[in-house]
Amino acid sequence: MLLAAAERAYQLLNHGLFRRLSEHRAVRLGQALLRAIPLAALRGLALDDPRLAVTLGGVRLPNPVILSSMYYDLAILRRAMALGFGAVTTKSITRTARPGHPEPSLARLVTPEGPGFVNCNGFRNPGLEAFRSGLRSFPHDRPLIVSVAGESPDEYRQLVDGLEAYADLVEINISSPNTRLVYELSASPGRVRALLAAVRQATRKPIIVKLSPDYPEENRRAILPAIVETGVDVVNFGNTRRVEDARLSQGAGGVSGPSLFANVLSTIRELRRAFPPAIGLMATGGIDSPAKALAALEAGADAISYFSAFITRGPTLPRRIGEALLAALERRGLGEVAALRRPA
Ligand SMILES: Cc1cc2nc3c(=O)[nH]c(=O)nc-3n(C[C@H](O)[C@H](O)[C@H](O)COP(=O)(O)O)c2cc1C
């Protein structure tokens, strides 16, 4: 009842209001509304069942559905936890505060696979010091993944050093297409290796590295071996894909949403075969339904994450995915999500 009512209300809001506003206004209004909803009301939508628990980089997640990197506002991150995500990722934090690129920095995208976005956000965030002081008083009962983005191996090390105490896992973003320095790192595998070695020295917390779908050759040839050799715990595949788009202030941005999914699925299969079993895998890109979440877990992901579907599908998707996973476990007579993986 509650679930169906929440879904109806969200669809009305999304179709009747958000889509009639500019993206910028819709984002502001959507975030303000989410902040205003009491945590207890959102908790009513969450699904908790011990059979959904998974392990990622040695950390127990109550379920495998993760909110991908986009928000730095702690009130929103808490609400995502209340909605039942198994873990929540922060916006990529940079050493100093960044205003982000000017508006328009987000546009809707209609693809044959379904609705998505193209963005040139440019890491709008409060910077290391301000974010760290907020995290000091951020109670959370679900794992928090802190994402960082630097401009040199030393900057990544400083960011990890400053934030790791508050993170359950640390995500190293080397893949956002909206700032040249981060994006072009993937084209310089030697620098990626140096920064992974530097962050490994800076923390004993599990490290996730988030890869770009735009650099398949560099990933295969040099970055994957560096991941194994420097002791990274988890690979997240992946980020948005760079495209030109005249609607955005930068004339280009990163595509998110369901057009990414087919490549994510085949790459997860390939990565599962290529990596030792101890390295965890996250599938990110275009997951917007229980069926896609199940397919990614069957293909070898330990957890899945999404951002676009948080907007296009609304707040009940973590629960809907959880219900579908429990149904699959029951049909197949299995006791845990990890057992859903199909042999390679
Ligand atoms: C507006 C916007 C901002 C984002 N900011 C970040 C970021 O700061 N760091 C990052 O690693 N990914 C960022 N992403 C990428 C998402 O975390 C995710 O990897 C990507 O959107 C693909 O997943 P999806 O298809 O489920 O959205 C952002 C995406 C969008 C749309």
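When the helices in the chain are scored as -39500 (n - 2.57) per DSSP H run of 4 or longer and the sum is shared across all residues, what 222 nm value do you end up with, to the nearest 500 deg cm²/dmol?
Details: 13 runs with 134 residues, N = 344.
Computed ellipticity for the chain at 222 nm equals -11500 deg cm²/dmol.
The ranking of H15, H101 from fewest to most other beta carbons within 10 Å of each one's beta carbon is H15, H101. Taking amide H positions as modeled 1.01 Å from N, with prolines and chain starts lacking one, the residues under 5 Å from Y72 and 5 or more places away or on another chain are K91.
In cubic angstrom, how much convex hull volume per residue do the alpha carbon atoms of the stretch 260-306 span? Intermediate results must be reported in sequence, preceding the final value.
On the way: hull volume 2.6 nm³, N = 47.
So the per-residue hull volume is 54 Å³.
Taking the centroid of alpha carbons for each part, the stretch 119-155 and the stretch 171-214 are 15 Å apart.
Expressed in units of 2.2 N^0.38 Å, where N is the residue count, the Cα radius of gyration of the chain is 0.92.
Near the amide H of L106, within less than 5 Å, lie the amide hydrogens of C120, all on another chain or at least 5 residues away, with H placed in the peptide plane.
Roughly what % of DSSP beta bridges within the chain run antiparallel, to the nearest 5? Taking every DSSP beta bridge with both residues in the chain, the antiparallel ones total about 40 percent.
Neighbours of T230 by Cβ distance under 13 Å: Lys/Arg scored +1, Asp/Glu scored -1, total +2.
As a test of the definition: which semi-axes, in Å, follow for the stretch 179-241 when you take the square root of five times each eigenvalue of its alpha carbon gyration tensor? Largest first, please.
Working: eigenvalues 66, 28, 27 Å².
Taking √(5λ) for each eigenvalue gives 18, 12, 12 Å, largest first.
Amide H contacts under 5 Å for E151: Y156, restricted to partners 5 or more places along the chain or on a different chain, H placed in the peptide plane at 1.01 Å from N.
Looking at the stretch 107-192, the GluC sites (Glu not before Pro) that sit in a DSSP loop and have at most 14 other Cβ atoms within 10 Å of their own Cβ are E113, E151. Centroid-to-centroid, using Cα positions, the stretch 261-335 and the stretch 1-74 are 17 Å apart.
I want the local charge near R51. Using Cβ-Cβ distances under 14 Å, sum +1 for each Lys or Arg and -1 for each Asp or Glu among the other residues. Spelling it out: positives minus negatives among the neighbours equals -2. According to the Cα-based calculation, Rg over Rh for the stretch 203-344 is 0.99, with Rh computed by the Kirkwood formula. Sites listed here are trypsin sites (Lys or Arg not before Pro) in the stretch 109-195 whose DSSP assignment is loop and whose Cβ has at most 12 other Cβ atoms within 10 Å: R136.
In plain terms, the chain from R342 to I37 could stretch by 105.8 nm, reckoned as 0.36 nm per residue minus the Cα-Cα distance. Charging the Cβ of each Asp and Glu at -1 and of each Lys and Arg at +1, and nothing else, the dipole of the chain about its Cα centre rounds to 460 debye. Overall, the ratio between the Cα radius of gyration of the stretch 289-344 and 2.2 N^0.38 Å, rounded to two decimals, is 1.13.
FYI, it's all coordinate maths here, none of it is from the lab. Fair warning: this is a prediction, and the values are worked out from it, not measured in the lab. Every residue, glycine as well, gets a Cβ built from its backbone with ideal geometry; the counts of neighbours run over all protein chains shown.
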